[in-house]
């Protein structure tokens, strides 16, 4: 369980880095309650990855495409992880009983 949380946090960090590079390249912007800090990039990335939705930080311009791709990627990876963990727990519970 912890390994999956760490892995997903690394994925979120990679997307946060991609947002920082994209913004520096003029590929769009993150607007709203956004000051450009690492915490702001990570906060937005976690919201997009977990498909919680945009709150106080919103992408504009072509950066919306990256945010959409992150939401789809996060949805697939989180769902896959949950399915895998369920199957493994079911297998382990059968062995123990």
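Exposure proxy for 46, 84: other Cβ atoms within 10 Å of each Cβ, ordered fewest to most, give 84, 46. Against the chain, whose longest principal axis is taken from its Cα atoms, helix 38-49 shows a tilt of about 60°. The angle separating the long axis of helix 2-24 from the principal Cα axis of greatest extent in the chain is about 10 degrees.
Within segment 41-71, whose backbone N sits under 20 Å from a point 7 Å along Cα→Cβ of residue 14? Hits in segment 41-71 for residue 14 at 20 Å: 41-52, 63-71. Using Cα atoms only, what is the angle between the long axis of helix 63-96 and the major principal axis of the chain, expressed in degrees (0 to 90) to the nearest 10? Tilt relative to the chain: about 10 degrees.
The label point for residue 80 and the one for residue 38, both projected 7 Å from the Cα toward the Cβ, are 2.8 nm apart. Taking a point 7 angstrom from the Cα of residue 88 along the C-beta vector, which residues in segment 63-77 have backbone N less than 17 Å away? Residues 77 fall inside that zone.
Values quoted throughout were computed directly from the atomic coordinates according to the rules given, and no laboratory measurement underlies them. Remember, predicted model here, so these are calculated numbers, not experimental data. Here Cβ is always computed from backbone atoms with ideal geometry, including for glycine, and neighbour counts include all displayed protein chains.
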